[in-house]
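To start, the structure itself, in structure tokens.
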């Protein structure tokens, strides 16, 4: 994968009568991956500064995906790949998927989660749901199997593993489009 990190130009905008500017960094941080002996992960983050008198001062930074969607809509389609390692492995793919789906289904040993997080949407984000044409049907089958056996982990993990080869093709295709 050739897509090393890229940084956009600053884009200025006004928010609540304050001048702001934002830039987005996206791609693979290969040096970070090598330093920590892990597969390179795709990330998309932003830096926001606000104008205070004559200086630009740092306001916020990091995983500002809503702001990226609003001010860099041309990069919005990349957000789904945030923290996906090359060739295709979302960070903590199975464990996080199980965690969020158990909360959604009300069978989590960890109880509930923050009220502002929709566990089904967090699950879908975790697995990059919808990139494969049969995701909806396969997910519904996992739920049917869960109801029948009260075992969620086995059918979920089997489905997630079976998605990897096709998801890898989609991931690589979209990454090559960025090069």
Q) Hey, got the Cα dimensions of the chain along the principal axes, in Å, largest first? A) 64, 38, 31
Q.
Give me 9, 102 sorted ascending by neighbouring Cβ count inside 10 Å, so fewest comes first.
A. 9, 102
Q. With axes computed from alpha carbons, what is the tilt in degrees of helix 153-178 against the longest principal axis of the chain, rounded to the nearest 10 within 0 to 90?
A. 30 degrees
Q: Using only Cα atoms, find the angle between the long axis of helix 135-149 and the longest principal axis of the chain, and express it within 0 to 90 degrees, rounded to the nearest 10.
A: 40 degrees
Q. Do the sum for the chain: with -39,500 (n - 2.57) for every DSSP H run of n ≥ 4, divided by all residues, what is the mean residue ellipticity at 222 nm, to the nearest 500 deg cm²/dmol?
A. -13500 deg cm²/dmol
Q) With the radius of gyration and the Kirkwood radius both derived from the Cα set of region 91-177, what is their ratio Rg to Rh? A) 0.99
Q. Against the longest alpha carbon principal axis of the chain, how many degrees, from 0 to 90 and to the nearest 10, is the axis of helix 93-105 turned?
A. 70 degrees
Q: Among 10, 81, rank each residue by its count of other Cβ atoms within 10 Å, from fewest to most, as a rough exposure measure.
A: 10, 81
Q: Please work out the Cα center distance from region 158-176 to region 68-113, rounded to the nearest Å.
A: 15 Å
Q. Using 19 Å as the cut-off for backbone N distance, which residues of region 115-147 belong to the label zone defined by a point 7 Å from the Cα of residue 36 along Cα→Cβ?
A. 126-127
Q | residue 9 paired with residue 172, simple spin-label distance in nm, labels 7 Å along Cα-to-beta-carbon | A | 3.5 nm
Q) Fewest to most neighbouring Cβ within 10 Å: what's the order for 92, 82? A) 92, 82
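FYI, it's all coordinate maths here, none of it is from the lab. Worth saying up front: this structure is predicted, and the values here are computed from it rather than measured. Heads up, the Cβs are rebuilt from the backbone with ideal geometry, glycines too, and the neighbour counts pull from every protein chain shown.
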